[in-house]
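Working notes, beginning with the structure itself.
The values are calculated or read from the model by the stated rules, or taken from the named source; none is laboratory data. Given the structure is predicted, the values throughout are model-derived calculations rather than measurements. Cβ coordinates were reconstructed from backbone atoms using ideal geometry, including for glycine residues, and neighbour counts include every protein chain displayed.
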């Protein structure tokens, strides 16, 4: 029950061999923060394991983080790769599903 109160929202983004999780959580003081987790499946012995990296983002840093991310992506798109067609990646995760 405590876990359900802690995690309020979750969004999964599959990206090749990696999966990113965006989880909105609450603190004991009823404040909110975001965890961004990168999970990558790696072979191990006769099975596999997951390598995970996590970022904790607090409300006072939301705008700074989003602005820096947007500026960085825009720099790549307009200054470094202006001829590249990034729209080829504009599809939902569900587009990869096949019902055949």
request  = Under 6 Å between Cβ atoms, at least 6 apart or on separate chains: pull out the pairs that start in the range 43-62 with a residue that is free of Cβ contacts under 8 Å to residues at least 12 places away in the same chain and end on any residue that is in a strand (DSSP E or B).
outcome  = 48/41; 49/42; 50/39; 50/41
key: Whichever residue in the range 85-100 is assigned to a loop (DSSP other than H, G, I, E, B) and within 22 Å of residue 13 (Cα to Cα) and, among such residues, is modelled with the highest pLDDT   = 85
ask   = Just one of 70, 63 is outside any loop (DSSP other than H, G, I, E, B), under 16 Å from the mean Cα position of the chain (by Cα) and loosely packed, with under 11 Cβ neighbours inside 10 Å; which is it?
value = 70
Scope the range 12-31; condition within 30 Å of residue 91 (Cβ to Cβ) and either touching a helix residue (DSSP H, G or I) at 6+ places or on another chain (Cβ under 6 Å) or exposed (fewer than 10 other Cβ atoms within 10 Å of the Cβ) (or both); matching residues = 14, 16, 17, 25
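Each row is one residue, and each column tells you yes or no for (1) assigned to a loop (DSSP other than H, G, I, E, B); (2) at pLDDT below 95; (3) touching a strand residue (DSSP E or B) at 6+ places or on another chain (Cβ under 7 Å); (4) more than 25 Å from residue 59 (Cβ to Cβ).
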residue: 3; (1), (2), (3), (4): no, yes, no, no
residue: 8; (1), (2), (3), (4): no, yes, yes, no
residue: 12; (1), (2), (3), (4): no, no, yes, no
residue: 23; (1), (2), (3), (4): no, no, yes, no
residue: 30; (1), (2), (3), (4): yes, yes, no, no
residue: 34; (1), (2), (3), (4): no, no, yes, no
residue: 37; (1), (2), (3), (4): no, no, yes, no
residue: 43; (1), (2), (3), (4): no, yes, no, yes
residue: 48; (1), (2), (3), (4): no, yes, yes, yes
Residue check for residue 77: under 24 Å from residue 88 (Cα atoms) and in contact with a helix residue (DSSP H, G or I) (Cβ under 9 Å, 6 or more places away or on another chain) = yes
